[in-house]
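Chemist: Sharing a structure, written as structure tokens. Questions coming.
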Amino acid sequence: MGDMTTAEIRALSKIIDELDYYKILRLQPSAGSAEIRQAYHANSRHFHPDARRRLDESLEAECTQISKRVTEAYCVLRDPRRRQAYDAKLLRKEGLRIQLAEARAAHQRDSVLVRQGRTAQGRDLYRKATEAMADENWPAALQNLQLALTFESDNTFFKNQLDSLRASHPSEA
């Protein structure tokens, strides 16, 4: 990362809130976990307040602000679920920052949608499949899960349910 001048540190602290997490860590959105970790450690070592003890107080405060944002960026980008929620937020142009609780809530909301279905048809057919499973009507359960997948072919939860049902009731499949 190299040593930054006082003017560069001050300039960065003024625009830090306008940068997304990838720009803060100087990464491409396609960066892997090893790259994210390396970028974090490089930035953290450079801006951590302990590394800048000899600075005047105003510059020390600016480095602390930058260091906090570097840590925030790392906490989000290193976790695949948080990163996915953050990337979705960036695509929707809903801001450059995400609170960890917000990322967790987005993941939980997405998980529920996947489990229950994202489309009205998928939800309805999955509900019918679960009712058929409760009644031990395995052919109907299989049929409804297969139909649900025609509406949501990328729903891994539905696929796993279907595979599990086929494995536990091979004579019905």
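Chemist: Find the residue count for the range 135-153, including only residues that are exposed (fewer than 14 other Cβ atoms within 10 Å of the Cβ), modelled with pLDDT under 90 and touching a helix residue (DSSP H, G or I) at 6+ places or on another chain (Cβ under 9 Å).
Modeler: Counting residues in the range 135-153 that are exposed (fewer than 14 other Cβ atoms within 10 Å of the Cβ), modelled with pLDDT under 90 and touching a helix residue (DSSP H, G or I) at 6+ places or on another chain (Cβ under 9 Å) gives 2.
Chemist: Mind checking which helices (runs of 4 or more DSSP H) fall wholly inside the range 3-89 and carry at least 1 residues that are in contact with a Lys or Arg (Cβ under 7 Å, 6 or more places away or on another chain)?
Modeler: Helices (runs of 4 or more DSSP H) meeting the threshold: 21-24, 33-47, 57-77.
Chemist: Determine whether residue 17 is at pLDDT below 85 and under 24 Å from residue 86 (Cα atoms). It would help to see each step written out before you state the result.
Modeler: Working: at pLDDT below 85: yes; under 24 Å from residue 86 (Cα atoms): yes.
Against the criterion (at pLDDT below 85 and under 24 Å from residue 86 (Cα atoms)), residue 17 qualifies.
Chemist: Go through the range 123-173 and report how many residues are under 26 Å from the mean Cα position of the chain (by Cα) and outside any helix (DSSP H, G or I).
Modeler: Qualifying residue count, the range 123-173: 4.
Quick grid of which residues meet (1) closer than 30 Å to residue 151 by Cβ; (2) modelled with pLDDT of 85 or more; (3) surrounded by 13 or more Cβ atoms within 10 Å (Cβ to Cβ):
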| residue | (1), (2), (3) |
| --- | --- |
| 25 | no, yes, yes |
| 35 | no, yes, yes |
| 38 | no, yes, yes |
| 66 | no, yes, yes |
| 69 | no, yes, yes |
| 97 | no, no, yes |
| 100 | no, no, yes |
| 117 | yes, no, yes |
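Chemist: Among the residues of the range 6-14, are any under 22 Å from the mean Cα position of the chain (by Cα) and at pLDDT 85 or above?
Modeler: Among the residues of the range 6-14, not one is under 22 Å from the mean Cα position of the chain (by Cα) and at pLDDT 85 or above, which makes the answer no.
The values are calculated or read from the model by the stated rules, or taken from the named source; none is laboratory data. Treat the numbers as computed from the prediction; the structure is a model and nothing was measured. Counting neighbours? That spans all protein chains shown, and the Cβs are built from the backbone with ideal geometry, glycine included.
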